Amino acid sequence: MLKHKNFLIVLSSPSGAGKTSISRQLIKIDKQIALSISCTTRTIRKGEKEKKDYYFIKEKSFNEMITKDELLEYANVFGNLYGTPKNKVLALTIKNKDVLFDIDWQGFQQLKQNEFDVVGIFILPPSKKELARRLDKRGRDTKEEVVNRMKLAQSEISHFLEYDYIVVNDDLEKSVKNILSIIETERHKRDRLINLTKFIDKFRF
Ligand code: 5GP
């Protein structure tokens, strides 16, 4: 059978567009997709788990990781530091996984600049009103934080044109289905197929 070279998938969106729920579904359904867990200096939220949602670390440790060149990419988002540990991604690619990143536009830019084989998918909320409703419903942020995130959503959205695919998340199931088909299609790209010439040779008479 034909195999593909593994690639990286970046999902970006403003907070409240449903990216976390989508990512969880993707890895549950497609076993060749594995989620990259980031490090962050932000405080842990209610319901979050160490190593499952993030590696929650102190700024000093984060800066040490930067100095030791242990991060694939990193950025300051909403005043906190977020970054992708290189060794974890490497471990996943060794296991033949297509690695999924829930990171912002700055991280996506860095991966592209470093010439990784990366597919960028931007998730949009259906409307501003719905975005505000979702942020409010979550209740995990303070009122001030919600207003701040609405403003930041605007600046995150302004980067949507840099992505390869745009998905409007008005229905979780439909969005997951669409993203799975994007990923499956990308796996069939000719340039990603391994041993294609050898495979085609079998059809010579
Ligand atoms: P939250 O604090 O709501 O979990 O995440 C805030 C933002 O940081 C989200 O847009 C998320 O995608 C982004 N983010 C999470 N991890 C990383 C990372 O490792 N690198 C970058 N560049 N952004 C990240």
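The values are calculated or read from the model by the stated rules, or taken from the named source; none is laboratory data. Bear in mind the structure is a predicted one, so any value in this text is a computation, not a measurement. Methodologically, a virtual Cβ is constructed for each residue, glycine included, from the backbone with ideal geometry; neighbour enumeration extends over all protein chains shown. For the accessible areas, the whole protein counts, side chains as well, though only heavy atoms, and no ligand, DNA or RNA atoms are used. Shrake-Rupley method; radii C 1.70, N 1.55, O 1.52, S 1.80 Å.
Looking at the P(r) of segment 56-141, how many percent of alpha-carbon pairs lie beyond 22 Å?
41
Suppose accessible area is computed on protein heavy atoms with a 1.4 Å probe; arrange Asp171, Asp53, Asp164 from highest to lowest.
Greatest to least solvent exposure: Asp164, Asp171, Asp53.
I'd like to check one number: the per residue accessible area of the chain, probe 1.4 Å, reported in Å² as a whole number.
I get 61 Å² per residue for this part.
Once the Cα atoms of helix 128-138 and of the chain are each reduced to a long axis, what angle between those two axes, in degrees from 0 to 90 to the nearest 10, is obtained?
Helix 128-138 sits roughly 70 degrees off the main axis of the chain.
In a solvent-free Debye calculation with one equal scatterer on each Cα, what is log10 I(q)/I(0) for segment 46-205 at q = 0.17, 0.19 Å⁻¹, listed in the order of the q values?
Log10 of I(q)/I(0), two decimals: -1.32, -1.53.
What angle do you read, to the nearest 10 degrees and between 0 and 90, between the alpha-carbon axis of helix 172-187 and the longest principal axis of the chain?
40
Using the Karplus equation 6.51 cos²θ - 1.76 cosθ + 1.60 (θ = phi - 60°), what ³J(HN,Hα) coupling, rounded to whole Hz, does each residue of segment 75-86 give in order, writing x for Gly and Pro?
For segment 75-86, the Karplus curve yields 7, 9, 10, 6, x, 10, 8, 9, x, 9, x, 4 Hz.
Between the helical axis of 143-157 and the dominant principal axis of the chain, each derived from Cα atoms, what acute angle in degrees is found, rounded to the nearest 10?
Between helix and principal axis, roughly 30 degrees.
According to the square roots a ≥ b ≥ c of the eigenvalues of the Cα gyration tensor, what is the shape class of segment 1-104, taking rounded for a/c under 1.5, prolate for a/b larger than b/c otherwise, and oblate for the remainder?
Oblate, since a/c reaches 1.5 and b/c is not below a/b.
Amide H neighbours of Phe7 under 5 Å, at least 5 residues apart or on other chains, H built in the peptide plane: list them.
Val99
What is the sum of charges around Gln109, taking Lys and Arg as +1, Asp and Glu as -1, for the other residues whose C-beta is under 13 Å from the C-beta of Gln109? Working shown, then result.
Working: positive: Lys112; negative: Glu73, Asp104, Glu115, Glu156, Glu162.
Local charge sum for Gln109: -4.
Of the GluC sites (Glu not before Pro) in segment 109-183, which ones lie in a loop per DSSP and count no more than 16 other C-beta atoms within 10 Å? Provide the component values of the computation, followed by the final result.
Working: sites: Glu115, Glu130, Glu144, Glu145, Glu156, Glu162, Glu173; in loops: Glu115.
Here the sparse-neighbourhood loop sites are Glu115.
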